[in-house]
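In what follows, a structure is listed as structure tokens, so that the remarks can point back to it.
The values are calculated or read from the model by the stated rules, or taken from the named source; none is laboratory data. Keep in mind that what you see is a predicted model, and the values were worked out from it rather than measured. In this analysis, Cβ positions are derived from the backbone assuming ideal geometry, glycine residues included, and neighbour counts consider all displayed protein chains. We work out accessible area using only protein heavy atoms, side chains counted, and drop any ligands, DNA or RNA first. Shrake-Rupley method; radii C 1.70, N 1.55, O 1.52, S 1.80 Å.
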Amino acid sequence: MRIHDDVQLDYCDVLLRPKRSALSSRSDVDIEREYTFKWCPSIIKATGIAAANMSVTGTMEISKAMQKHKLFTALHKHYDIKQLTEFLKANKKEFGNNDLIFVSSGVSDADYKKLQAVMKTKLINNICIDVANGYSPYLINYIKKVRTSYPKALIMAGNVVTGDMTEDLILNGVDIVKVGIGPGSVCTTRKLTGVGRPQFSTVIECADAAHGVGGMICADGGCTVPGDICKSLCAGADFIMLGGMLAGHTESGGELISKTFETKLAEVQKDGSYSCVLEKKLFKQFYGMSSKYAQELFYGGMKKYRASEGKVVEIPFRGPIENTLLDILGGIRSAMTYIGAKRIKDMPKCATFYRVNRQLNNIFGQE
């Protein structure tokens with residue numbers, strides 16, 4: 001038994017230090033980046049924000065909204081081959097290519113057959129290999145098989161939280177390593193298993209390891225506000241995957257639920273009596289992909305050898321996703337002007353952090 005007793009930090013434990021800047025306006029910064037990869041020969045110019053491949057956020061509807069802003073989406077793996085093919089054909093006509101879309105795959109034989117069928121269409125080149133435990137030997141073996149079959153594919157895989165495994169994945173054929181175990185808003189892995197690592201420290205170590213061997217990382221989970229995304233970019237993340245921040249919108253998956261509440265207001269009737277005022281509110285379901293609910297929805301039930309590592313929540317309905325995306329991109333632009341980074345790629349070079357005990361004043365609530 002060993003204890004690593006150096007301090008491990010999350011996004012809420014740090015704040016960026018402002019610096020003198022020659023940038024006079026948020027419009028002066030460039031939030032797009034030209035991505036070149038270790039194994040994939042493609043060059044993609046985009047902003048490295050990605051919708052997570054959860055069934056609520058990795059939807060075709062969200063993908064269309066994301067692409068309008070040069071953002072990525074990892075489609076969830078529960079679309080069938082026909083649905084994927086039809087969507088990819090239509091999307092290529094609308095946007096000219098499918099460069100900002102990943103198709104997701106597990107590591108089973110059935111997953112590989114489905115991946116083969118989708119790749120055979122030649123409509124897509126980006127693959128997201130997704131397992132809960134990136135330290136399993138099955139992942140490395142699967143990556144080798146996929147890389148051999150599709151040498152020019154852009155492969156993202158994970159999840160891990162340490163530099164050594166980040167390097168292993170890249171050296172065995174991965175372009176982008178997905179990092180993060182347990183930081184998601186509907187993930188209960190840390191509660192159930194005691195396994196995980198604070199996400200800010202994860203990003204710093206894994207980004208350093210990945211860049212040392214020519215690869216990249218995608219910080220998956222833990223961002224709750226646009227400021228967290230800015231911190232992650234400054235810590236070295238090349239891509240950032242969002243779940244909860246993109247849930248609850250018109251384009252998101254999940255059941256739309258209407259609830260009626262009694263308000264504190266009351267109406268006075270003609271006879272002088274009072275009656276309570278009822279108010280209807282809309283909510284959308286959001287759930288972890290390892291939750292009992294998701295297992296029952298997609299796999300026919302929870303296997304006896306498994307335990308639920310996710311929860312189900314109801315998020316107040318947020319309407320169209322466009323405003324949320326504009327808030328995120330606006331936050332990144334503003335952070336860049338505060339730290340003097342003209343290009344999004346320069347954010348780590350311009351970043352200095354303070355360790356803090358409190359970052360927000362919540363006396364009037366969380367908003």
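If only one of P137, P183 is modelled with pLDDT under 95 and either under 16 Å from F37 (Cα atoms) or touching a strand residue (DSSP E or B) at 6+ places or on another chain (Cβ under 9 Å) (or both), which one is it?
On inspection, the qualifying residue turns out to be P183.
Mind listing whichever residues of the range 9-39 are in a loop (DSSP other than H, G, I, E, B) and either farther than 29 Å from T324 by Cβ or open to solvent by 90 Å² or more (accessible area, probe 1.4 Å) (or both)?
R17, R20, A22, S24, K38, W39
Tally up the residues in the range 233-262 that are closer than 15 Å to K349 by Cβ and either touching a Phe, Trp or Tyr at 6+ places or on another chain (Cβ under 9 Å) or surrounded by 24 or more Cβ atoms within 10 Å (Cβ to Cβ) (or both), please.
5
Residues that are of a type in the set (G, A, S), at pLDDT below 75 and surrounded by 10 or more Cβ atoms within 10 Å (Cβ to Cβ): does the range 275-286 have at least one? Let's see the steps before the verdict.
Keep residues of the range 275-286 that are of a type in the set (G, A, S), which gives 275.
Then drop every residue that is not at pLDDT below 75, which leaves 275.
Filter once more, so that each one left must be surrounded by 10 or more Cβ atoms within 10 Å (Cβ to Cβ): none.
There is no residue in the range 275-286 that is of a type in the set (G, A, S), at pLDDT below 75 and surrounded by 10 or more Cβ atoms within 10 Å (Cβ to Cβ).
Only residues in the range 338-367 that are of a type in the set (V, I, T) count as the first member; pair them with residues that are open to solvent by 60 Å² or more (accessible area, probe 1.4 Å) and part of a loop (DSSP other than H, G, I, E, B), Cβ under 9 angstrom, at least 6 apart or cross-chain, and list the lot.
Listed by first residue and then by second, the contacts come to I339/R17; I339/P18; I339/K19; T352/R17; T352/K19.
Might you check whether a residue that is aromatic (F, W, Y) and either in contact with a Gly (Cβ under 9 Å, 6 or more places away or on another chain) or in contact (Cβ under 8 Å) with a residue 60 or more places away in the chain (or both) occurs anywhere in the range 80-100? Outline the logic, then answer.
Kept after step one, since they are aromatic (F, W, Y), are these residues of the range 80-100: 87, 95.
In the following step, the residues that additionally are either in contact with a Gly (Cβ under 9 Å, 6 or more places away or on another chain) or in contact (Cβ under 8 Å) with a residue 60 or more places away in the chain (or both) were identified as none.
No, the range 80-100 contains no residue that is aromatic (F, W, Y) and either in contact with a Gly (Cβ under 9 Å, 6 or more places away or on another chain) or in contact (Cβ under 8 Å) with a residue 60 or more places away in the chain (or both).
Limited to the range 69-109, what total is found for residues that are part of a loop (DSSP other than H, G, I, E, B), of a type in the set (K, R) and surrounded by fewer than 14 Cβ atoms within 10 Å (Cβ to Cβ)? Spell out the reasoning first.
So in the range 69-109, the residues part of a loop (DSSP other than H, G, I, E, B) come out as 69-71, 75-80, 96-100, 106-108.
Next, from what is left, pick out any that are of a type in the set (K, R): 70, 77.
Imposing the further condition that a residue be surrounded by fewer than 14 Cβ atoms within 10 Å (Cβ to Cβ) reduces the set to none.
Number satisfying all stated conditions: 0.
Of all residues being of a type outside the set (V, I, T) and without any contact (Cβ under 8 Å) to a residue 40 or more places away in the chain in the range 190-205, which is surrounded by the most Cβ atoms within 10 Å (Cβ to Cβ)? Just the residue, please.
The initial filter retains those residues of the range 190-205 that are of a type outside the set (V, I, T), namely 190-192, 194, 196-201, 205.
Next, only the ones that are without any contact (Cβ under 8 Å) to a residue 40 or more places away in the chain stay: 190-191, 194, 196.
Working: R190: 15, K191: 11, G194: 8, G196: 18.
Only one residue tops the list, namely G196.
State yes or no: is I44 open to solvent by less than 60 Å² (accessible area, probe 1.4 Å), under 23 Å from G222 (Cα atoms), within 19 Å of the chain's Cα centre (by Cα) and among the aliphatic types (A, V, I, L, M)? Don't jump to the end; show me each part of the working.
Values: open to solvent by less than 60 Å² (accessible area, probe 1.4 Å): yes; under 23 Å from G222 (Cα atoms): no; within 19 Å of the chain's Cα centre (by Cα): yes; among the aliphatic types (A, V, I, L, M): yes.
Here the answer is no, as I44 does not meet what is asked.
For L360, only one of the following conditions fails: (1) open to solvent by 80 Å² or more (accessible area, probe 1.4 Å); (2) modelled with pLDDT of 80 or more; (3) under 26 Å from A52 (Cα atoms); (4) of a type in the set (A, V, I, L, M). What is its number?
(3)
Checking the condition in a strand (DSSP E or B) and either free of Cβ contacts under 8 Å to residues at least 40 places away in the same chain or at negative phi (or both), which residue from M241, M245 passes? Steps first, answer last, please.
Values: M245 fails: in a strand (DSSP E or B).
None of the others qualify; the one that does is M241.
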